[in-house]
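Notes follow the structure.
The values are calculated or read from the model by the stated rules, or taken from the named source; none is laboratory data. Quick caveat: nothing in here was measured; it's all calculated off a predicted structure. All Cβ positions, even for glycine, are placed from backbone atoms using ideal geometry, and neighbour counts span all protein chains on display. Just the protein is used for accessible areas: all its heavy atoms, side chains included, with ligands, DNA and RNA removed. Shrake-Rupley method; radii C 1.70, N 1.55, O 1.52, S 1.80 Å.
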Amino acid sequence: MSEVVQEASGPEVLTDVISVSRETLSALNRYVLMLQEWQTKLNLVGPATLPDAWRRHILDSAQLFPLIEKPEETVWMDMGCGAGFPGLVMAIMGVGEVHLVESIAKKCRFLEAVVDALALHDRVIIHNARLEAMKPFKADIISARALAKLTQLFDWGHPFAASSTRWLLLKGQDVEAELAEAQQKWAFEYDLHASLSDPRGRIVEARGVARKAKK
């Protein structure tokens with residue numbers, strides 16, 4: 001991946017490092033405009049991040065897309081997606097089936113409005129529910145951003161994971177401590193990718209996540 005983009009604040013933040021079609025860029029722009037509009041009524045994202053939404057939210061999410069081998073054939077589950085990051089960005093960019101899990105009803109209304117506006121009904125399923133209460137299904141990729149520590153994420157997501165499932169988890173500067181803690185209870189392989197949106201950030205790409213037997 002390229003170096004972190006820090007100076008620009010518009011669509012070029014994304015297009016300078018990731019190739020997207022004009023149609024996709026237009027849809028992402030519509031998404032950002034709706035985020036700005038709805039933010040005046042709901043607390044969807046941190047207010048300080050809104051002026052830099054293309055880097056802090058769109059690029060932060062979109063950087064996961066190059067890690068997918070066959071996007072159109074992928075079943076993706078985004079845990080605690082909030083305003084749709086990264087899952088809704090993945091759907092806009094071409095992931096075939098995206099499950100957005102969000103327990104707060106007001107945020108789900110925003111997600112539904114974006115799905116309506118961008119005609120994404122054929123690929124996005126919104127679950128207004130807590131992960132613990134959902135009927136499990138198998139996802140090819142499980143993602144989360146700013147939701148919980150790795151140990152908790154594995155616990156919540158494990159019922160939805162097959163042996164081949166990959167986990168793409170956006171983490172901050174404490175990632176090494178989280179990995180060490182998670183390895184106490186979980187067996188897994190992982191790679192760390194540098195973030196394009198935050199010099200302190202890392203993407204944890206985990207595979208083969210399995211709960212360790214209690215001693």
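Which chymotrypsin sites (Phe, Trp or Tyr not before Pro) in the range 108-215 sit in a loop by DSSP (not H, G, I, E or B) and have at most 16 other Cβ atoms within 10 Å of their own Cβ?
Working: sites: F110, F137, F154, W156, F160, W167, W186, F188, Y190; in loops: F137.
When the chymotrypsin sites (Phe, Trp or Tyr not before Pro) of the range 108-215 are filtered for loop state and at most 16 Cβ neighbours within 10 Å, F137 remain.
State the percentage of accessible surface on the range 1-96 attributable to carbon and sulfur atoms; use a 1.4 Å probe and exclude ligands, DNA and RNA. Please list the in-between numbers first.
Numbers: 1990 of 4370 Å².
Carbon with sulfur: 46 percent of the solvent-accessible area.
Given all pairs of different Cα atoms, what value in angstroms does the Kirkwood hydrodynamic radius of the range 112-158 take?
Details: mean 1/r = 0.0785 Å⁻¹.
Across the range 112-158, the inverse of the average 1/r is 12.7 Å.
Sequence-distant or interchain residues sharing an amide H contact under 5 Å with E97, placed H: which?
For E97, the qualifying residues are T74, W76.
So, in nm, how far is label S164 from label E73 when the simple model puts each one 7 Å beyond its Cα toward the Cβ?
In this crude spin-label approximation the distance works out to 0.8 nm.
Which is farthest toward the positive dipole end of the chain among V175, A213, S163, measuring Cα position about the Cα centre, with Cβ charges +1 (Lys, Arg) and -1 (Asp, Glu)?
Comparing the listed Cα positions along the dipole, A213 ranks first.
Rounded to the nearest whole Å², what accessible area per residue is found for the chain with the 1.4 Å probe?
On a per-residue basis, 49 Å².
I'd like the GluC sites (Glu not before Pro) in the range 1-96 restricted to DSSP loop residues with at most 13 other Cβ atoms within 10 Å, sorted by number.
E3, E7, E69
If you place +1 on the Cβ of every Lys and Arg and -1 on the Cβ of every Asp and Glu, how big does the dipole about the Cα centre of the chain come out, in debye to the nearest 20?
About 880 debye.
Using bins 10 angstrom wide from zero, how does P(r) for the chain break down, in % of all Cα pairs?
8, 36, 38, 16, 2, 0
Greater than 23 Å separation of Cα atoms is the criterion. Which listed pairs, K70/K212; K149/K212; K138/K214; K149/K214, meet it?
Where the Cα-Cα span goes over 23 Å, the pairs concerned are K70/K212; K138/K214.
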